[in-house]
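See below for the structure under consideration.
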Amino acid sequence: MLYQFYESAHAAVKPLRILSSMQRALIDNPLNPMSDLSFVKAYSASLQVFERTTRQYAKPRWSTFDVSPPGQKVKMARVLRLDFCDLLEFTTRPGGNRPKILLVAPLSGHYATLLTGTVKSLVEDFDVYLTDWKDARDIPLYKGSFNFSSYVDYLIRFMNILGPNHHLIAVCQPGPAALVATAYTAQLKSNYSPSSLILMGCPIDTRLSPTEPNKLAKSKSLDWFESNVVVHVPYPRLGYLRRVYPGFLQLTGFMTMNLDRHMLAHKELFTDLVKGDGDSVQSHLAFYDEYLAVMDLPAEYYLETLDIVFQRHLIADGRFIYRGTKIDLGSIVSTALMTVEGEKDDISGIGQTQAAHSLCSNIPSDHRADHVQKGVGHYGVFNGSRWRGEIAPRVRDFIKTHSC
């Protein structure tokens with residue numbers, strides 16, 4: 001009933017949002033002689049804040065303009081369409097012979113467009129292939145289930161498509177699955193194991209410097225999570241009756257972690273609207289259009305990730321079995337390993353990503369790198385000025401050094 005209640009509440013507010021938009025259109029009309037009065041601007045600003053805080057946010061669209069570096073034009077193509085994910089290609093030189101990167105976006109609530117800045121920095125020198133995960137509420141039930149091993153299946157399939165001499169970058173949540181996929185292909189002695197693996201803010205061993213999300217994941221049993229946060233997609237969504245961890249519950253968790261900051265940001269939006277500070281308003285709108293757009297996760301995947309990564313630590317302890325094969329991280333020898341962490345990361349604490357180095361014990365020392373970026377939190381690891389100016393150059397150099 002939780003999902004139905006959420007949808008009903010949203011539908012109930014819709015007439016008020018429509019009325020709010022109509023009023024704002026009249027108030028902001030340049031022919032309105034009262035539009036410049038301070039109390040009128042304040043009323044218009046309050047209407048806009050109300051409309052934005054009560055609506056649902058659709059998946060942001062990919063824009064080649066947004067991912068194009070200065071002086072370059074990026075081409076985007078869908079290389080592969082699967083039930084739960086598309087593989088996108090971004091390149092400035094179609095048909096060229098540049099190193100290939102498989103950039104694995106998190107399947108943890110936000111859409112892959114959250115990595116727009118990441119793609120923009122990397123596509124200058126590499127052909128970037130990105131996992132564009134789909135919203136589970138829009139995937140019909142007959143498409144089947146999707147769990148942690150399915151995630152690894154997808155990564156291995158993408159790695160196979162890219163072929164030899166590609167590089168794998170996992171941003172946050174996909175780190176454990178990327179490790180498993182790399183180890184599995186190494187154990188098979190396949191020719192499509194990545195030349196390098198870069199883990200950025202990943203929960204490889206969440207027992208190290210545990211954060212509040214890590215503690216929450218261990219504070220309840222798996223049955224509790226299944227009973228309290230897993231629901232069925234309601235009619236008339238395409239994924240009707242699919243079991244999911246809904247996006248609106250995830251967003252509630254994201255927001256409450258830093259509630260004061262988000263409340264202050266909306267207060268500043270109101271002030272900037274009244275003042276007519278267009279640049280600040282556009283910056284706020286762009287950020288929250290992305291941040292507030294969330295997807296539902298397949299319940300099987302969500303629960304298995306909780307169990308494997310956050311509760312029983314099967315991968316970190318060398319006890320994970322993938323498709324009947326026990327995963328040996330020590331089998332990774334020829335793949336170079338780089339880890340990146342943020343000093344102020346409140347999602348994946350310091351040491352959780354670095355743990356991959358001790359687990360992958362047979363990688364030569366000259367094929368390793370570790371970087372802890374001072375002054376950044378979780379999102380600063382892969383986006384923003386510190387990413388562009390300090391982290392991305394190191395990642396680019398590491399990949400070039402280990403390109404065949």
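Here is the figure for segment 332-347: residues that are under 19 Å from the mean Cα position of the chain (by Cα) and either closer than 13 Å to Asp366 by Cβ or part of a strand (DSSP E or B) (or both) total 4.
Residues that are β-branched (Val, Ile, Thr) and out of contact with any helix residue (DSSP H, G or I) (no Cβ under 8 Å at 6 or more places or on another chain) within segment 156-197 comprise Ile161, Thr182, listed in sequence order.
If you go through segment 313-345, how many residues are closer than 15 Å to Val171 by Cα and exposed (fewer than 15 other Cβ atoms within 10 Å of the Cβ)? Full working, then the answer.
Here is the first cut: in segment 313-345, the ones closer than 15 Å to Val171 by Cα are 337-342, 345.
Narrowing further to those that are exposed (fewer than 15 other Cβ atoms within 10 Å of the Cβ): none.
The number of residues fulfilling the criteria is 0.
Within segment 308-331, count every residue that is within 18 Å of Leu222 (Cα to Cα) and in a loop (DSSP other than H, G, I, E, B). Going through segment 308-331 one residue at a time, the tally reaches 5. Taking the criterion of being touching a strand residue (DSSP E or B) at 6+ places or on another chain (Cβ under 7 Å) and either among the acidic types (Asp, Glu) or free of Cβ contacts under 8 Å to residues at least 24 places away in the same chain (or both), the residues of segment 79-97 that qualify are Asp86, Glu89, Pro94.
Just one of (1) at positive phi; (2) part of a helix (DSSP H, G or I) fails for Ala392. It is (1).
Checked against the criterion of being in contact with a Phe, Trp or Tyr (Cβ under 8 Å, 6 or more places away or on another chain) and polar (S, T, N, Q), the candidates Thr353, Thr325 yield just one match: Thr325. Figure legend. Inter-residue proximity from segment 159-172: first residues closer than 15 Å to Val395 by Cα and assigned by TED's automatic domain parsing to the domain that holds Phe382, second residues surrounded by 24 or more Cβ atoms within 10 Å (Cβ to Cβ) and among the small types (Gly, Ala, Ser), beta-carbon distance below 6 Å, spacing 6+ or different chains. Indicated pairs: His167/Ser196; Leu168/Ala178; Ala170/Ala178.
When Ile308 is tested against (1) more than 30 Å from Pro393 (Cα to Cα); (2) in contact with a strand residue (DSSP E or B) (Cβ under 8 Å, 6 or more places away or on another chain), exactly one condition is not met: (2).
The criterion of at least 2 residues that are acidic (Asp, Glu) and surrounded by 14 or more Cβ atoms within 10 Å (Cβ to Cβ) is met by the following strands (runs of 3 or more DSSP E) wholly inside segment 57-147: 85-91, 127-133.
Please work out which residue is modelled with the highest pLDDT, limiting yourself to segment 6-58 and to residues that are farther than 30 Å from Asp296 by Cα and basic (Lys, Arg). Taking the candidates together, the pick is Arg24. If you go through segment 380-404 and keep only what is touching a Pro at 6+ places or on another chain (Cβ under 8 Å) and of a type in the set (D, E, K, R), you end up with just Lys400.
Here Arg394 meets each of (1) surrounded by fewer than 20 Cβ atoms within 10 Å (Cβ to Cβ); (2) touching a residue at least 60 places away in the same chain (Cβ under 8 Å); (3) in the same structural domain as Leu162 (by TED's automatic domain parsing); (4) within 30 Å of Trp62 (Cα to Cα) with one exception, condition (2). Of the set (1) assigned to a loop (DSSP other than H, G, I, E, B); (2) without any contact (Cβ under 8 Å) to a residue 40 or more places away in the chain, all apply to Asp366 but (1). Looking at segment 201-219, is at least one residue assigned to a helix (DSSP H, G or I), in contact with a Leu (Cβ under 6 Å, 6 or more places away or on another chain) and closer than 25 Å to Gly117 by Cα? No: segment 201-219 contains no residue that is assigned to a helix (DSSP H, G or I), in contact with a Leu (Cβ under 6 Å, 6 or more places away or on another chain) and closer than 25 Å to Gly117 by Cα.
Residues checked against (1) of a type in the set (A, V, I, L, M, F, W, C); (2) assigned by TED's automatic domain parsing to the domain that holds Pro174; (3) free of Cβ contacts under 8 Å to residues at least 40 places away in the same chain:
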site	(1), (2), (3)
Tyr301	no, yes, no
Thr305	no, yes, no
Gln311	no, yes, no
Leu314	yes, yes, yes
Asp317	no, yes, yes
Ile321	yes, yes, yes
Lys326	no, yes, yes
Gly330	no, yes, yes
Ser334	no, yes, no
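For Tyr192, the conditions (1) crowded, with 24+ Cβ neighbours inside 10 Å; (2) assigned to a loop (DSSP other than H, G, I, E, B); (3) touching a strand residue (DSSP E or B) at 6+ places or on another chain (Cβ under 9 Å) all hold with the exception of (1).
The values are calculated or read from the model by the stated rules, or taken from the named source; none is laboratory data. Remember, predicted model here, so these are calculated numbers, not experimental data. Glycine also receives a Cβ, built like all others from the backbone with ideal geometry; neighbour counts cover every protein chain displayed.
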